[in-house]
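Report on the following structure.
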């Protein structure tokens with residue numbers, strides 16, 4: 001194909017290909033064990049897959065309502081009432097999305113205008129900042145403290161000004177596995193009181209929390225809930241990331257603005273998958289024990305690495321584990337992760353791409369949402385390094 005000869009002005013001149021795509025492509029090329037991109041390598045529930053087939057056969061194959069089928073919105077409303085004592089109206093305050101990333105982009109598109117500012121805590125999932133920039137906004141970064149990856153409450157308030165329109169939080173946190181605590185939410189609630197600031201709370205790993213910790217959703221705090229979008233992911237909860245099925249919750253005045261953008265970004269989402277998930281969620285046992293399964297995997301992965309030269313950074317949620325390789329190499333994380341992949345056959349994600357400036361903590365992120373045989377092969381190699 002002949003290239004366009006006209007002038008192209010990039011809206012994201014400094015953005016390259018996502019680190020997830022880069023490392024997964026390299027893993028395939030070098031036949032490496034892929035612990036980089038966050039997806040399970042075990043099967044989705046056969047019951048859930050069967051429900052999708054049944055709903056296809058029943059004829060649920062045409063457009064769903066723009067907001068999502070009523071059945072799935074009703075299940076979500078029930079879930080948040082039971083889990084968090086939070087009341088969301090299924091008609092006006094819940095919307096199904098084509099994955100959490102689309103939900104996040106839609107919130108940002110609906111509320112960020114030219115020169116508005118959004119505050120992001122970093123290391124940060126890599127879609128947040130580009131979405132703000134694509135919509136003409138500016139990003140301010142607050143770096144999480146090391147090694148606990150908590151919010152620097154002394155620095156954070158100074159980032160807020162009259163241009164601040166959005167604050168993005170993420171708990172459980174990708175890539176670090178840290179959690180926001182109740183006291184963090186109370187501090188945030190106090191700082192933004194009487195300000196015209198919206199909160200975007202990325203809670204896609206809400207059911208992947210370990211060591212008896214409790215998920216502190218923004219919907220538990222009235223002063224935050226009234227100004228917040230809660231973003232969730234069925235793909236994470238039901239080990240089906242390829243289905244790209246998520247949702248957004250917010251008070252009706254915020255959701256009205258969200259839907260104005262949503263209808264033109266994606267309009268609606270996969271109908272038989274929505275119907276199947278709605279039926280699957282009737283049994284709360286299908287999602288309440290997900291954390292137990294992943295906690296066992298985390299413990300197995302960490303125990304297998306005790307004899308390695310890697311240092312373990314505690315993970316309290318998600319299905320990611322940070323490893324400190326400073327006792328092994330002085331290389332930067334990009335160089336070391338590439339060498340680990342090419343020479344040893346294990347793919348990971350360096351943490352520096354999650355940070356806007358220079359970041360050299362010698363950390364790699366590994367996904368432990370894998371079968372035992374996959375983890376065995378990977379840890380055997382890592383322990384030999």
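So the values come out like this:
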item	result
The one condition in (1) touching a residue at least 24 places away in the same chain (Cβ under 8 Å); (2) outside any loop (DSSP other than H, G, I, E, B); (3) touching a helix residue (DSSP H, G or I) at 6+ places or on another chain (Cβ under 8 Å) that residue 133 fails to fulfil	(3)
Criterion: surrounded by 19 or more Cβ atoms within 10 Å (Cβ to Cβ) and not in a loop (DSSP other than H, G, I, E, B) - qualifying residue of 169, 186	169
Residue in region 213-235 that is farthest from the chain's Cα centre (by Cα), counting only those that are in contact (Cβ under 8 Å) with a residue 60 or more places away in the chain, closer than 26 Å to residue 275 by Cα and in a helix (DSSP H, G or I)	219
Residue match in region 6-16 (condition: surrounded by fewer than 18 Cβ atoms within 10 Å (Cβ to Cβ) and closer than 30 Å to residue 273 by Cα)	no
Filter result for the condition that a residue is over 25 Å from residue 245 (Cβ atoms), in contact with a helix residue (DSSP H, G or I) (Cβ under 7 Å, 6 or more places away or on another chain) and not in a loop (DSSP other than H, G, I, E, B), over 26, 56	26
Top-ranked residue of region 35-53 - restricted to ones that are touching a helix residue (DSSP H, G or I) at 6+ places or on another chain (Cβ under 8 Å) and in a loop (DSSP other than H, G, I, E, B), ranked as surrounded by the most Cβ atoms within 10 Å (Cβ to Cβ)	35
Subset of region 90-101 [in contact (Cβ under 8 Å) with a residue 40 or more places away in the chain and either under 10 Å from residue 76 (Cα atoms) or touching a strand residue (DSSP E or B) at 6+ places or on another chain (Cβ under 7 Å) (or both)]	93, 94, 95, 96, 97, 99, 100
Matching helices (runs of 4 or more DSSP H) fully within region 263-362 where at least 1 residues are in contact with a strand residue (DSSP E or B) (Cβ under 9 Å, 6 or more places away or on another chain)	271-280, 290-304, 333-344
Exclusive hit being surrounded by fewer than 19 Cβ atoms within 10 Å (Cβ to Cβ) and within 30 Å of residue 162 (Cα to Cα), set 90, 113	113
Residues that are under 16 Å from residue 293 (Cβ atoms) and out of contact with any helix residue (DSSP H, G or I) (no Cβ under 6 Å at 6 or more places or on another chain), drawn from region 216-237	236
Test: residue in region 190-206 that is out of contact with any helix residue (DSSP H, G or I) (no Cβ under 7 Å at 6 or more places or on another chain), under 28 Å from residue 322 (Cα atoms), at pLDDT 95 or above and outside the structural domain of residue 368 (by TED's automatic domain parsing)	yes
Any hit, region 41-56, residues being closer than 30 Å to residue 130 by Cα and more than 22 Å from the chain's Cα centre (by Cα)	no
Given (1) more than 18 Å from residue 197 (Cα to Cα); (2) surrounded by 17 or more Cβ atoms within 10 Å (Cβ to Cβ), index of the condition residue 147 fails	(2)
Residue selected from region 342-352 under the condition touching a helix residue (DSSP H, G or I) at 6+ places or on another chain (Cβ under 9 Å) and within 12 Å of residue 385 (Cα to Cα), by the criterion surrounded by the most Cβ atoms within 10 Å (Cβ to Cβ)	346
Condition met for residue 318 (over 30 Å from residue 119 (Cβ atoms) and within 24 Å of the chain's Cα centre (by Cα))	no
Selection from region 104-146 of residues that are at pLDDT below 95 and farther than 22 Å from residue 20 by Cβ	115
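The values are calculated or read from the model by the stated rules, or taken from the named source; none is laboratory data. Predicted model, so just to flag it, every value in this text is computed and none were measured. Glycine also receives a Cβ, built like all others from the backbone with ideal geometry; neighbour counts cover every protein chain displayed.
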